[in-house]
Amino acid sequence: MDIVLYNTKAKEKQVFLPIQRDHVRLYACGPTVYDRIHVGNARPLVVFDVLVRLLRAAFPKVTYVRNITDVDDKINSRAAERGISISELCEQTIFSFHKDCKALNVLPPDIEPRATEHITQMIAMITGLIEKGFAYEAEGHVLFSIEKMPDYGQLSGRSLDEMVAGARVEIAPYKAHPADFVLWKPSKAEIPGWDSPWGRGRPGWHIECSAMSAGYLGEEFDIHAGGLDLVFPHHENEIAQSRCAHGTAQMAAFWVHNGYVTVEGEKMSKSLGNFTTVEDAIQRHRGEVIRFSLLTAQYRAPFDFSDAALQQARTVLDKFYRAVSVADRADIITDLTLLDTEFITALADDMNTPLAISCLHRLAVEANKGQLASARQLLSCASVLGLLTDENWFAGEADNRKATFEIERAIEARNQARASRDFDEADRIRDQLAEQGIKLLDGPDGTRWERL
RNA sequence: GGCCCGGUGGCAGAGUGGUUAUGCAGCGGUUUGCAAAACCGUGGACAUCGGUUCAAUUCCGGUCCGGGCCUCCA
């Protein structure tokens, strides 16, 4: 079975094959750690988590690198605002970030490099670019000279003329060409800085990804992933730096970009202020509900975040969890060739998760009719999506042994009342449990309960 | 201003040159002490105007509407 991915570079879907037959190398742009992530930031985390799970099932070895940007002007100003040190802000934010990832069932990457730990590599790369004539020094800055790269702009599909024509930004006086971008910039005494051949300073935005991806994955690797808003300028500039520094024909073979999370049709973003943090979202809905809802749209299409979408996701997840209750987690199938063909075909076709989820519905119906094999398939397919992994879905995290014991004792009392046809008492007990958020389901095998 | 993407039933959301997914909600059943869950059935859509074609929601062009990038942004 071929895995097909939409490659931004080619503007079409292409069959994915790793450069090294048995080893997939993938890099995704991670967070800048100045604040909690919002649901828009969560989409690439979830989407590429699914991609990595699929690739791990399909190839013998996958190396997944997702960086942490811990040097940035937003970090500096936020730390100053809050009156804490920069490192304290970063540590706090990284801790929260990992917590949010866990809530979303996003597995850790193999390597999570931090920018500040790779300044040496960045300086070396910049030095090389200057030596090769692709970069120049001006007023303490080092800039990349895009005119030295004839095919600059290929990823985002824009020419230099277009960029100059459409420019809305003020052009820094030290730039030789308006679209030249910063590799290194000077730091004043109160701002973090590192010694360099160009004085004390800090790296520009794009260079960290070029330096770290080369360090951990090599000068050419398989997949570079990120949000659609990174195509230009971030990824375009990464390509320019990396290719010119290494003299390679490409930085990554595949460039994969997820679409935006929107709110009432508009992009969720910090600047518009229409964002919901993951922390806030999981107060109202569990992490898996948010994860699932993000997967109900194909990853390149916009996903409109709303309470209605989350509620529907919850309804469907409940249905799936009921359907898999008879399946044993020890029997999960991990061999792709043994998984439901329609499901895998859908997922392998540029991660068509909506179509894949429709297969899950089919399997759930079959499972509910008593087909154990379908329940097992449902559980196994869902696990490729990182779903249905919670063994206590209906009990909820809040329950302890004592609460569970009391619920079960009440159910027993109710069933005795039912047996003696005292339905008033039975209904009274049910109403009482309902007030505690416990839903009862009477079935042929007895009474089950679910926490709402 | 330059460049780009999209408009599918009440809602979400796939897909296809001809047989029109799937889910949620609705409606009708089966089942149940009641309820829930589950199962069965069911109506309802391809922004608009032209063109190509035996045939277009699907291809091409115009129009309208929405969104995005060009500046930090996932």
Inset, instruction - Within the stretch A:17-40, count every residue that is closer than 29 Å to A:Phe305 by Cβ and either outside the structural domain of A:Arg53 (by TED's automatic domain parsing) or in a strand (DSSP E or B) (or both). - result: 5
Legend entry - Residue check for A:Gly199: at pLDDT 90 or above, of a type outside the set (A, V, I, L, M) and at positive phi: yes
Legend entry - Selection count where residues are in contact with a Ser or Thr (Cβ under 6 Å, 6 or more places away or on another chain) and more than 7 Å from RNA strand B (Cβ to nearest atom), scope the stretch A:305-334: 4
Inset, instruction - Report yes if some residue within the stretch A:92-104 is under 30 Å from A:Ala189 (Cβ atoms) and free of Cβ contacts under 8 Å to residues at least 12 places away in the same chain; otherwise report no. - result: yes
Legend entry - Residues being among the small types (Gly, Ala, Ser) and closer than 22 Å to A:Ser77 by Cα - total across the stretch A:200-240: 2
Legend entry - Residue identified as modelled with pLDDT under 95 and either buried (at least 16 other Cβ atoms within 10 Å of the Cβ) or not assigned by TED's automatic domain parsing to the domain that holds A:Asp328 (or both) among A:Gln416, A:Gln377: A:Gln416
Legend entry - Long-range neighbours under 7 Å by Cβ, at least six apart or interchain, first residue in the same structural domain as A:Glu117 (by TED's automatic domain parsing) and farther than 20 Å from A:Cys209 by Cβ within the stretch A:71-89, second within 15 Å of RNA strand B (Cβ to nearest atom) and among the polar types (S, T, N, Q): A:Ile86/A:Asn76
Legend entry - Hits in the stretch A:429-452 (condition: surrounded by 13 or more Cβ atoms within 10 Å (Cβ to Cβ) and either over 41 Å from the mean Cα position of the chain (by Cα) or near RNA strand B (Cβ under 8 Å from one of its atoms) (or both)): A:Ile429, A:Arg430, A:Lys439, A:Leu440, A:Asp442, A:Thr447, A:Glu450
Legend entry - Qualifying position, being free of Cβ contacts under 8 Å to residues at least 40 places away in the same chain and surrounded by 21 or more Cβ atoms within 10 Å (Cβ to Cβ), among A:His285, A:His206, A:His224: A:His206
Inset, instruction - Kindly list the number of the only condition in (1) near RNA strand B (Cβ under 9 Å from one of its atoms); (2) of a type in the set (Gly, Ala, Ser); (3) at negative phi that fails for A:Gly287. - result: (1)
Legend entry - Residue tally, condition touching a Lys or Arg at 6+ places or on another chain (Cβ under 8 Å) and buried (at least 21 other Cβ atoms within 10 Å of the Cβ), over the stretch A:49-63: 1
Inset, instruction - Check off (1) under 20 Å from A:Gly443 (Cβ atoms); (2) within 14 Å of RNA strand B (Cβ to nearest atom); (3) assigned to a helix (DSSP H, G or I) for A:Trp393 and give me the number that stays unchecked. - result: (3)
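The values are calculated or read from the model by the stated rules, or taken from the named source; none is laboratory data. Note that the structure is a prediction, hence the values are computed from the model and not measured. With ideal geometry, Cβ positions are generated from the backbone for all residues, glycine too; neighbour counts draw on all protein chains shown.
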